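K.L.:
Got a structure for you, questions after.
The values are calculated or read from the model by the stated rules, or taken from the named source; none is laboratory data. Small disclaimer: the values here were computed from a predicted structure and weren't measured. Neighbour counts are summed over all protein chains in view; Cβ atoms, including those assigned to glycine, are modelled from backbone coordinates with ideal geometry.
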Amino acid sequence: MNESDVIEQWIHEEQAVRARLRPANAPRPTLRPAGLTGLEVLDAIFAGELPPPPIGDTLDFLPIRMTPGEAVFQGRPHRRHYNPLGTVHGGWFATLLDSAVGCAIHTTLAAGRGYTTLELKVNLVRALTDAVPLVRAEGKVIHVGRQTGTAEGRIVGPDGKLYAHATTTCLIFDMPSAAPSGAQPIHA
């Protein structure tokens, strides 16, 4: 498949996802996803039952696909993401990769479990500008245990070029069981 065919396919997949997602600025539901596994929470976001995190709107990226142990996000590099040198800021790369590797771990979590990034190591291997219309961050689990999980990720362009790669270690913990005042749990 040539680069323009890949871009067309990626845009089509993005449009299909956007058609299902709730707006990130929609009122948060009064329901909490208690009793849902990590993958079920992410599926609820894809189904429009829960809004996606607003960071995707801020930095123009969105989840494309989640499967057990894997997560794919797609981003659009823009001039508003540039650093003083005229290329996409490393923080944009890091946020996109942190989302992909963190959600890869999230897909494996049992109901009532949460996670947070303990460490993120990002290697930028190629500058990125708005001349590249889309990139994908692909995260894959390396290992998930009782207290920590590790994953690796890559940002690639539609031409297959590697722009950055990362590894993460996440802390895994039990989520607090008390729902906020007035909130009702969502049950699978």
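K.L.:
Just to be sure I understand, how many residues within segment 114-134 are part of a loop (DSSP other than H, G, I, E, B) and either within 18 Å of the chain's Cα centre (by Cα) or not basic (K, R) (or both)?
P.N.:
Number of matching residues: 9.
K.L.:
Let me ask something else. Look through segment 73-104, keep the residues that are more than 16 Å from E119 (Cβ to Cβ) and among the polar types (S, T, N, Q), and return whichever of them is surrounded by the most Cβ atoms within 10 Å (Cβ to Cβ).
P.N.:
Checked segment 73-104; the qualifying residue surrounded by the most Cβ atoms within 10 Å (Cβ to Cβ) is Q74.
K.L.:
Moving on. Output the residues belonging to segment 72-106 that are over 11 Å from the mean Cα position of the chain (by Cα) and not in a helix (DSSP H, G or I).
P.N.:
Residues satisfying the conditions are R76, P77, H78, Y82, N83, P84, L85, G86, T87, V88, H89.
K.L.:
On the basis of being surrounded by fewer than 17 Cβ atoms within 10 Å (Cβ to Cβ) and among the hydrophobic types (A, V, I, L, M, F, W, C), does A16 make the cut?
P.N.:
yes
K.L.:
Condition first: in contact with an Asp or Glu (Cβ under 8 Å, 6 or more places away or on another chain) and farther than 20 Å from L134 by Cα. Can you find one or more residues in segment 26-35 that meet it?
P.N.:
yes
K.L.:
Considering T116, T107, which residue is in contact with a Leu (Cβ under 8 Å, 6 or more places away or on another chain), surrounded by 13 or more Cβ atoms within 10 Å (Cβ to Cβ) and either among the small types (G, A, S) or more than 25 Å from N2 (Cα to Cα) (or both)?
P.N.:
T107
K.L.:
Something else now. What are the pairs with Cβ atoms under 6 angstrom where one residue, in segment 42-60, is in a helix (DSSP H, G or I) and the other, located anywhere, is surrounded by 14 or more Cβ atoms within 10 Å (Cβ to Cβ) and modelled with pLDDT under 90? Sequence gap at least six, or different chains.
P.N.:
Listed pairs, sorted by first residue: A44/L50; I45/P52; D57/A24.
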